[in-house]
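A quick write-up on the structure given underneath.
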Amino acid sequence: MKSFSNRMIAGMSALAASVLLGGPALAQASLAMLDTLDRGGWEIRYRDGSTPRNICVRNGREFIQLRHKESGCNRFVVVDAEQEVTVQYTCRGNGYGRTHVRKEGSALVQIDSQGIIDGRPFQFTAEARRTGSCR
């Protein structure tokens, strides 16, 4: 019985390490929903009434880090479903964020994001719509 218990603990430890270190559990997260969004120009309208923003979308992953522009941030996929994704990310030395993107159509998504950038908190909800070609 002791041997089984030790093997069980070792197996659970290996699984936890795999998840925390980005092993197989993370490799399976494809964020495929974001690839189904139409490419091109999109307008982001913030629910708080702040100035709309235009972005060029190549694969939908642009919606994950709207406040953190830098590349190389570590990402952890929390939800990877057919109509929604939730990603938590950390940008070393510049904060972190957690973004939820819900697809309403290939040219319409709802975005909720919050986190810390430059030592200050942010939180927003927005709607993004495809507007045409990138400018």
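The values are calculated or read from the model by the stated rules, or taken from the named source; none is laboratory data. Keep in mind the model is a prediction, meaning the values are calculated, not measured. Cβ sites come from the backbone with ideal geometry, for glycine too, and all protein chains shown count toward neighbours.
Brief remarks on what is shown
- Qualifying residue in the range 68-85 (condition: free of Cβ contacts under 8 Å to residues at least 60 places away in the same chain, in contact with a Phe, Trp or Tyr (Cβ under 8 Å, 6 or more places away or on another chain) and β-branched (V, I, T)): no
- Residue in the range 120-133 that is more than 22 Å from N54 (Cβ to Cβ) and either assigned by TED's automatic domain parsing to the domain that holds G41 or of a type in the set (A, V, I, L, M, F, W, C) (or both) present: yes
- Selection of the range 42-74 for residues being part of a loop (DSSP other than H, G, I, E, B) and buried (at least 16 other Cβ atoms within 10 Å of the Cβ) yields G60, I64, Q65, L66, R67, H68, C73.
- Filtering the range 76-128 to residues that are basic (K, R) and either surrounded by fewer than 15 Cβ atoms within 10 Å (Cβ to Cβ) or over 19 Å from Y46 (Cα atoms) (or both) leaves R92, R120.
- Against the criterion of being over 18 Å from the mean Cα position of the chain (by Cα) and at pLDDT 95 or above, T86 does not qualify.
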